[in-house]
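A short write-up of the structure that comes next.
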4 protein chains.
Amino acid sequence: MLIRLGYDIRFDVDRPVPMVAILNVHPDRRQDLQEPDRLRVDPSVGTEEYVDSFGNICTRFVAPTGSISLTNSTVIRDSGELDAAGTEAREVPVGELPPGVLRYLMASRFCEVDLLSNTAAELFGGTAPGWARVQAVCDWVHQKVTFSYPHARPTRTALDVYTERVGVCRDFQHLAVTFCRCLNIPARYATGYLGDIGVPVSGTPMDFSAWFEVYLEDRWWTCDARHNAPRIGRVLLATGLDATDVAITTSFGSARLSHFTVTTDVVS
Amino acid sequence: MLIRLGYDIRFDVDRPVPMVAILNVHPDRRQDLQEPDRLRVDPSVGTEEYVDSFGNICTRFVAPTGSISLTNSTVIRDSGELDAAGTEAREVPVGELPPGVLRYLMASRFCEVDLLSNTAAELFGGTAPGWARVQAVCDWVHQKVTFSYPHARPTRTALDVYTERVGVCRDFQHLAVTFCRCLNIPARYATGYLGDIGVPVSGTPMDFSAWFEVYLEDRWWTCDARHNAPRIGRVLLATGLDATDVAITTSFGSARLSHFTVTTDVVS
Amino acid sequence: MLIRLGYDIRFDVDRPVPMVAILNVHPDRRQDLQEPDRLRVDPSVGTEEYVDSFGNICTRFVAPTGSISLTNSTVIRDSGELDAAGTEAREVPVGELPPGVLRYLMASRFCEVDLLSNTAAELFGGTAPGWARVQAVCDWVHQKVTFSYPHARPTRTALDVYTERVGVCRDFQHLAVTFCRCLNIPARYATGYLGDIGVPVSGTPMDFSAWFEVYLEDRWWTCDARHNAPRIGRVLLATGLDATDVAITTSFGSARLSHFTVTTDVVS
Amino acid sequence: MLIRLGYDIRFDVDRPVPMVAILNVHPDRRQDLQEPDRLRVDPSVGTEEYVDSFGNICTRFVAPTGSISLTNSTVIRDSGELDAAGTEAREVPVGELPPGVLRYLMASRFCEVDLLSNTAAELFGGTAPGWARVQAVCDWVHQKVTFSYPHARPTRTALDVYTERVGVCRDFQHLAVTFCRCLNIPARYATGYLGDIGVPVSGTPMDFSAWFEVYLEDRWWTCDARHNAPRIGRVLLATGLDATDVAITTSFGSARLSHFTVTTDVVS
């Protein structure tokens, strides 16, 4: 399956603002690209590409006064298969986890592992370890939290999701990630493209999506507490501890979003 | 100047608990060691040493049921000089910072950069950029927050410090780190040995200490919002985004601290 | 000046839900009513009217399964004058306040007086006491907080307003009320009718409005941190410690709002 | 049974500070007093006694610069019986509660009813209504929260207790009160004398104690999530929405506690 990916994101800025964009396909998927995956910045400014400590491809530049657009259009080959289920995957004792994975057990800005540990143990401590426990977390979050665009807010933490029970995709994943870490299952936040492939068309404007990954047996597995069903055609952009680390764009100063479209279409 | 360093930390555990210790001198100071810097775990258990994504030396092991002690005694050569002041150090525009430094502008578990940005701008926006602004942050935190051991608590965030105005050394540094990041000055949390060298003996039991570092001109500079005065003889153990990343020990399960002594003495 | 007041508020409920409505003009303004001020509940259910501990007229009933509407239409005589300014009003030392006023110095659900005291002292401690200090509070809140309907949320506290700097009218008043209490100036939250009288028509659908009152000299004075300008034609419904106490309707169970219109028109 | 009650509370103040004390036996128990219940303030200052909106006897005065002591010694007759259990008491539907009781269903500073409603429903929704449900709340809080004087802090809310699982008596009651209100059971916070009568001597210095009351059938019943067992000899001082309303002393300015003893002894 071939999927066309792209975006057109525009900002207005009143004075030059440094920005970091994470708008390239993740290194793990670069071998699948059928066309160049090039972030175009217009007007043309000097850009610097680097890989952050999580392994994501970042681009930074200084947005000049005025309007600036970030665009891209590329094609990626995808297996067309549903997310793999780690049904048989063993939960790895903390003492045997690869050292680089341990950071994904820690608390972060939007994931208060310290504050939700008791709740996690009470809710999920009786479930069989491994994939079943992760699935129980996803089921709980999916059932208990109501999706609502008007209730989006950038400061909502996992504890806020737990108490307010409402949010957008990032909120679902933050709470699920936190519960998993509380249960000593490494979990990381993921962001990327997720089109309406193999599912009814949602009718809402296409956007980037958030999901998360857990480490079981010997690798990371895709999970999604918002949709809570295997999906086709996720294309990973970036992973990190939480939304702080993998924002599509981070502005170090004021920038007003003026336009935002994302493309994720199957190429027939 | 030679400083003898050491500790004797003991836990009781009821069932095997995986632990990570950051109890070796930071790689930046290893060339100053005059004796081996070896974390001894007793009873002897298999340990694994690794370097985390922040560059700290970590040791992990599984504490068996019963009592376990972590001990060390070593000697380090120190310049005997006070912390350097970056008075002339230029504040680097975000667009010119080394990519690896950008993460130290982001929010983290105990540093809600997003929530304190306006306050930081109001309090410090009128100060000259660079070292003077960092010094203004340290002065403010030092004056406004009252040091109090009985008020220590592990869940206090920078925003809590801002509202409660009380805390221990980690709290002072969390608030100062957060304000610096809000002002687009990279800041990281540091932990290490800090003896009563060149200052009146404090009378309280020796402990590890927290301070922080800011990135100005072309390097990291030591700051300390708790003491707010240059000190002699800091020996760095670890740096990270906040206390989450550089806990002396992190237990993935229940472990009761039963003994805790730290040594930091000038060798005459 | 005569003002026609009214509303049409409808809910859908799936099972009988007890409700309390505060939808009658406040006792202080009843002598100005030109027509009966009668809350009609349709379908007709048994209602009980009582005065709560704040002096507000409350009506309670059990909404039966199905749709229920709360309607009213009345006319009130108004002075047509702008809110009085307490420019000359003396700030009363706490030791001389009437005992019944002291509760309006305390913390409440949305007004964390304990957490914002230091900030209030730092921001307003240098201002002359009394009306000037209240005005400084209103000016600050008005300038620093951005009005935004999409950012409304029912759980936002004064501290959240202070950090997020965005909100709707209740948020402006909560922060201002909290600052006043921190400064030992009694303040209470108010809700009522406020039409576009003497000001350009806002263009947004009419709603009830929130403002607040401070106690200076020997009485309560009207303040409004959202509009921050004297207005004509406020008609008070209720006062309380914060929005918790004076919700237009409180449901003890699930009720979905299906329709909401408010009328506040000058009768020519 | 006769119980001698008393206290000796002293403050140092640097400048005159208005204070409110709630240090008289509650009106409901005044008929049991065998000696005058007189709050003595030394040095002698003008005091004013009033009854607040919750029905508590309050005394206010301005503490002059220097040291001030609040003392009392009285004797009360007590039934010597254990707290009554409302085992047979019916839970009253909200629609039938006396109007004056409805306020005890609302959120307050330390009781975030709005934030804990879902959790309360999940934990206790399956329990039989009435006393059994209240008992389930007390059992849960008693088992899940660890008592610890060193972990006392004045800003801890019910949600904080829920996440931190540690606290002193006020914290236990705040969480239990909140859960009850979430379940539509009116609950109010209570403070008073509670000696070691009929129980082993605790060994810790005597203090005032907090408990709470729920409204079932036709009256208020005593509950205590900290001790979670019926006790002998409670003497009520005050009730309110939470600790904000019934602080033993509230200072409107800085006052340092220098001495604190409480007496609650059976007179043999």
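Worth pointing out:
- Filtered residues of the stretch B:211-232 (kept if over 11 Å from B:Q173 (Cβ atoms) and in contact with a Ser or Thr (Cβ under 7 Å, 6 or more places away or on another chain)): none
- Of all residues in the stretch B:104-123, exactly one satisfies the criterion of being within 11 Å of chain A (Cβ to nearest Cβ) and without any contact (Cβ under 8 Å) to a residue 40 or more places away in the chain, namely B:D114.
- Residue in the stretch B:16-35 that is within 14 Å of chain A (Cβ to nearest Cβ), in contact with a strand residue (DSSP E or B) (Cβ under 8 Å, 6 or more places away or on another chain) and open to solvent by 30 Å² or more (accessible area, probe 1.4 Å) present: yes
- Filtering the stretch A:36-60 to residues that are open to solvent by 40 Å² or more (accessible area, probe 1.4 Å) and part of a loop (DSSP other than H, G, I, E, B) leaves A:P36, A:R38, A:P43, A:S44, A:G46, A:T47, A:S53.
- Selection of the stretch A:3-20 for residues being under 27 Å from A:I76 (Cα atoms) and either acidic (D, E) or at pLDDT below 95 (or both) yields only A:D8.
- Residue ranges of strands (runs of 3 or more DSSP E) in the stretch C:169-268 with at least 1 members among the small types (G, A, S): C:187-194, C:209-216, C:234-240, C:249-251, C:256-267
- The stretch A:83-120, subset among the polar types (S, T, N, Q) and touching a helix residue (DSSP H, G or I) at 6+ places or on another chain (Cβ under 6 Å), residue most open to solvent (accessible area, probe 1.4 Å): A:T87
- Scanning the stretch D:70-82 for residues that are surrounded by fewer than 16 Cβ atoms within 10 Å (Cβ to Cβ) and either of a type outside the set (A, V, I, L, M, F, W, C) or part of a loop (DSSP other than H, G, I, E, B) (or both) yields D:S73, D:R77, D:S79, D:G80, D:E81.
- Restricting the stretch C:240-268 to residues that are of a type in the set (V, I, T) and closer than 20 Å to D:V94 by Cα, the residue that is surrounded by the most Cβ atoms within 10 Å (Cβ to Cβ): C:V246
- D:A63 vs. criteria open to solvent by less than 20 Å² (accessible area, probe 1.4 Å) and more than 17 Å from the chain's Cα centre (by Cα): yes
- Residues being open to solvent by 50 Å² or more (accessible area, probe 1.4 Å) and over 29 Å from D:T146 (Cβ atoms) - total across the stretch A:140-151: 7
- Pairing each residue of the stretch B:171-190 that is farther than 11 Å from B:E112 by Cα with any residue that is open to solvent by 10 Å² or more (accessible area, probe 1.4 Å) and among the acidic types (D, E), provided the two are 6+ apart or on different chains, yields C-beta distances under 6 Å for B:R188/B:E213; B:A190/B:E213.
- Of note, A:S268 satisfies the criterion of being modelled with pLDDT under 95 and away from chain B (no Cβ under 14 Å).
- Residue among D:V51, D:V101, D:V62 that is at the interface with chain C (Cβ under 10 Å from one of its Cβ atoms), at pLDDT 95 or above and in contact with a Pro (Cβ under 6 Å, 6 or more places away or on another chain): D:V62
- For D:F179, the conditions (1) buried (at least 23 other Cβ atoms within 10 Å of the Cβ); (2) more than 14 Å from chain A (Cβ to nearest Cβ); (3) not aliphatic (A, V, I, L, M) all hold with the exception of (2).
This table checks each residue for (1) touching a Phe, Trp or Tyr at 6+ places or on another chain (Cβ under 7 Å); (2) open to solvent by 20 Å² or more (accessible area, probe 1.4 Å); (3) more than 18 Å from A:G253 (Cβ to Cβ).
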position: B:G126; (1), (2), (3): no, yes, no
position: B:C138; (1), (2), (3): no, no, yes
position: B:T157; (1), (2), (3): yes, no, yes
position: B:V161; (1), (2), (3): no, no, yes
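- Condition check for A:A85: more than 14 Å from chain B (Cβ to nearest Cβ), over 30 Å from D:V141 (Cα atoms), at pLDDT below 95 and not in a helix (DSSP H, G or I): yes
- Sole residue being at pLDDT below 95, among the acidic types (D, E), farther than 30 Å from A:N118 by Cβ and open to solvent by 20 Å² or more (accessible area, probe 1.4 Å), chosen from B:D218, B:D196, B:D207: B:D196
The values are calculated or read from the model by the stated rules, or taken from the named source; none is laboratory data. Since the model is a prediction, treat every value here as computed from it, not as a measurement. We place every Cβ from the backbone using ideal geometry, glycine too, and count neighbours over all the protein chains shown. The protein model used for the area step is the full one, side chains on, heavy atoms only, and it has no ligands, DNA or RNA in it. Shrake-Rupley method; radii C 1.70, N 1.55, O 1.52, S 1.80 Å.
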